[in-house]
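Scroll down for the structure; my scribbles are underneath it.
The values are calculated or read from the model by the stated rules, or taken from the named source; none is laboratory data. Predicted model only: the values in this text are computed from it and were never measured. Every residue, glycine as well, gets a Cβ built from its backbone with ideal geometry; the counts of neighbours run over all protein chains shown.
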Amino acid sequence: MCGIAGFLFCSPPPEPDRLARAMAASLRHRGPDDSGVWTDVSAGVALAHTRLAIIDVTATGHQPMSSASGRFTMVFNGEIYNFRKLRCELEGVGMHFRSRSDTEVLLSGFETWGLDATLRKTIGMFALAVWDRERRALTLARDRVGEKPLYFGRIGPLFAFSSELRALRLLPDWTGEIDRDALTAYLRYGYVPTPHCIHVGIRKLPAGTTMTIRPGEEEFAIVPYWSAVDVARSGHATPVDLDDQSAIEELDRLLRCAVSRCMVSDVPLGAFLSGGTDSSTVVALMQAQSRMPAKTFSIGFDETEYDESAHAQTVANHLGTDHTSLRLTARDALAVVPKLPIIFDEPFADVSQIPTFMVSQLARSAVTVVLSGDGGDELFGGYNRYTWGDTLWRRTGRVPRAIRGAVGSLLARVPASRWDKMFSMAQPLLPRSMRQFMPGDRLHKIAMLLNADSANDLYRRMTSHWQQPSQVVLDCRTGGQVIELMNLPGPAARLSERMMLSDLVSYLPDDILVKVDRASMAVGLEARVPLLDYTVVEFAWRLPMRLKIRDGEGKWILKQLLQRYLPQELIERPKMGFAVPVDAWLRGPLRDWAEDLLAPDRLRAEGFFDADVVQKHWVEHVTGRHQWQFMLWNVLMYQAWLREMQPAQVRRA
């Protein structure tokens, strides 16, 4: 894993080589093992690279790397898992290699098959920039699902790109103007959706696309070489005709191959293990193909309702892994909070960013590469909204909105704390399994959903933190609604399927994969996600929904597969996610930090948020009237990020 950066110019900036080296140095955390730059002033291009050595850790893997003929020079971030197979194909047509790296295989492929054809042959995760000396053109490319990041834009006279924004901020004409519409979208979702960026004039390259530009050109085209939407729509229209057992067998085969590919490494390898279905499946398949006990890692918390470490240990014991679990106090976790703006580099507000960073830090003490179980929810129907959201809409969607709205108003009129108190008083009369359930926040969410006027509106409400972010962000022009519910062919498409597709192209790459990339890269750890192998993605979208959601339970086929490796009692348990008790922390140990960032005078001076609206939500949260922790966390993470940025790096106008 690595960091890449570079720029094009018509007239060279002062000391372009030095500037490129500074960009590489800013990405050192992504690649602490080596760095390099390549500049061609006559062509108007500079490329920078910082390396985390995983495959071919010798000097022959150094980047920027040029092809044998010298036509292509590339900086590459990621891993091509099937590079050995591609190398054999290339050797078969007479190509010779001087290293064992996947980077050289890509360059050789570009010369033999062309860039797009080579990318279609790859299985892996990557972001890359390649200079074509013959065409005098720079091409950027990103992997199919969007595991690796790539920002680009015009900064003064330069066209520049980088793995993270911090390298772009070093350029001489950087202004850092905040895009208030992107800020509005961030407040809605907790992340800035692709292709948008928090800064005006900067964009993110979409997953599965390439972009080509020449020095001095203003126009460029972004062209897909693979589309998750097309794959989903094709798979939905032509599902596999397999019985249950045959489908489970085929998924087992595909996942075994995917995990095996992800285990190729010249440095120590491990895996995250929470004990949930996804990570347990990856670790089970990893251990089944390993001669030695796989190294696995988990984090535990003192708050029992958030702690999965004991279950993870039980799973590890059954699978026979070499497991390391670290129990952390609230003080340990809270010490991470000030680091988050630096780690994520763009406002980001998924609260599980805290344990994700901590388990990455733990793993890095023993390994350099980890396998992660991300992607199972979006592919196999794991999120609760896929089941109860679909059911809610089918049962209430035909009821007149006025009636639904009236019921919702009645539910919302009672404060969440009062609902919780009433339920607490009734607990002795309830089954033991329901005694820890506190309904206030959930009833308020149902009240809000009952007011939806369409399936798309329902999805928007379920995925929005702030329902009306334009009432909070000053001087914005939009409501920040940039993610729509995707359509699938035919009238029989279920709402749950459409939500899964929307999440696959938005929430997964812009939240889940950003979280894993930044948290792991912050400590020089490479995280690989075998469930997102494109062969698995394409097969998953050809599976009928009965194999994903059955009897109200998501990930049916994945759980059936896992029963081959774990007893059922270790599989059938409530979904917990990777959360932390941020609601209680904001009322307790984080209160002073939060009140400083949310101080009305500070908000008014900065000029981004309506101070009165934010203060109202803060007071309601700390008094327990409402649970606004996720909405407030969005504001707090932006405020903390803003404070970290130097005045010269962020323009408030």
Would you confirm whether any residue within segment 190-204 is among the basic types (Lys, Arg) and farther than 29 Å from LEU119 by Cβ?
no
So which of ASP230, ASP252 ends up being surrounded by fewer than 18 Cβ atoms within 10 Å (Cβ to Cβ) and assigned to a helix (DSSP H, G or I)?
ASP230
Filtering segment 255-279 down to residues that are within 13 Å of PRO530 (Cβ to Cβ) and in a helix (DSSP H, G or I) yields LEU255, ARG256, CYS257, ALA258, VAL259, SER260, ARG261, CYS262, ASP278, SER279
Test: GLY389 is outside any helix (DSSP H, G or I), within 30 Å of ILE248 (Cα to Cα) and in contact (Cβ under 8 Å) with a residue 40 or more places away in the chain:
no
For residues that are out of contact with any helix residue (DSSP H, G or I) (no Cβ under 7 Å at 6 or more places or on another chain) and either surrounded by 24 or more Cβ atoms within 10 Å (Cβ to Cβ) or closer than 23 Å to ARG253 by Cβ (or both), tally how many sit in segment 309-333.
2
In segment 291-302, anything surrounded by 17 or more Cβ atoms within 10 Å (Cβ to Cβ) and not in a strand (DSSP E or B) is listed as ALA294
Looking at PHE348, PHE357, which is the one that is surrounded by 15 or more Cβ atoms within 10 Å (Cβ to Cβ), at pLDDT 95 or above and in a helix (DSSP H, G or I)?
PHE357
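Each row is one residue, and each column tells you yes or no for (1) within 28 Å of GLY235 (Cα to Cα); (2) in contact (Cβ under 8 Å) with a residue 12 or more places away in the chain; (3) in the same structural domain as LEU251 (by TED's automatic domain parsing).
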position	(1), (2), (3)
ARG542	yes, yes, yes
ARG550	yes, no, yes
GLU553	yes, yes, yes
LYS559	yes, yes, yes
PRO589	no, yes, no
GLU595	no, yes, no
ASP601	no, no, no
GLU606	no, yes, no
Odd one out for ILE446, checked against (1) β-branched (Val, Ile, Thr); (2) modelled with pLDDT of 90 or more; (3) closer than 30 Å to GLY624 by Cα
(2)
Here are some residues: ASP610, ASP551. Which one is surrounded by fewer than 19 Cβ atoms within 10 Å (Cβ to Cβ), within 30 Å of ASP243 (Cα to Cα) and of a type in the set (D, E, K, R)?
ASP551
Would you mention how many residues in segment 233-249 are polar (S, T, N, Q), in a loop (DSSP other than H, G, I, E, B) and surrounded by 14 or more Cβ atoms within 10 Å (Cβ to Cβ)?
0
Just the residues that are of a type in the set (A, V, I, L, M), surrounded by fewer than 22 Cβ atoms within 10 Å (Cβ to Cβ) and touching a residue at least 40 places away in the same chain (Cβ under 8 Å), please, taken from segment 484-502.
LEU488, ALA493, LEU495
Six or more apart or on different chains, Cβ atoms under 8 Å: show the pairs whose first residue is in segment 350-362 and under 16 Å from ALA312 (Cα atoms) and whose second is polar (S, T, N, Q) and surrounded by fewer than 22 Cβ atoms within 10 Å (Cβ to Cβ).
LEU362/THR324
For a quick check of your reading of the model, give me the residue pairs whose first member lies in segment 52-67 and is among the acidic types (Asp, Glu), whose second is modelled with pLDDT of 85 or more and not in a helix (DSSP H, G or I), with beta-carbon atoms closer than 6 Å and at least 6 apart or on different chains.
ASP56/SER99; ASP56/ARG100; ASP56/SER101
If we only count strands (runs of 3 or more DSSP E) wholly inside segment 21-119, which ones have 3 or more residues that are among the aliphatic types (A, V, I, L, M)?
45-51, 72-80
Are any residues in segment 121-141 more than 19 Å from LEU8 (Cα to Cα) and either in a strand (DSSP E or B) or without any contact (Cβ under 8 Å) to a residue 24 or more places away in the chain (or both), and if so, which ones?
GLY124, MET125, PHE126
Check whether at least one residue in segment 502-523 is farther than 30 Å from GLN627 by Cα, aliphatic (A, V, I, L, M) and within 15 Å of the chain's Cα centre (by Cα), and report yes or no.
yes
Which is touching a His at 6+ places or on another chain (Cβ under 6 Å) and touching a residue at least 24 places away in the same chain (Cβ under 8 Å), of GLY270, GLY190?
GLY190
Conditions first: (1) within 29 Å of ALA182 (Cα to Cα); (2) of a type in the set (S, T, N, Q); (3) at pLDDT 95 or above. THR535 passes all but one, so which condition is the exception?
(1)
Of everything in segment 378-401 that's surrounded by 15 or more Cβ atoms within 10 Å (Cβ to Cβ) and more than 27 Å from the chain's Cα centre (by Cα), which residue is farthest from TYR507 (Cα to Cα)?
ARG401
For a quick check of your reading of the model, give me the residue pairs whose first member lies in segment 242-263 and is within 17 Å of LEU379 (Cβ to Cβ), whose second is surrounded by fewer than 21 Cβ atoms within 10 Å (Cβ to Cβ) and of a type in the set (Phe, Trp, Tyr), with beta-carbon atoms closer than 8 Å and at least 6 apart or on different chains.
GLU250/PHE539; LEU251/PHE539; LEU254/PHE539
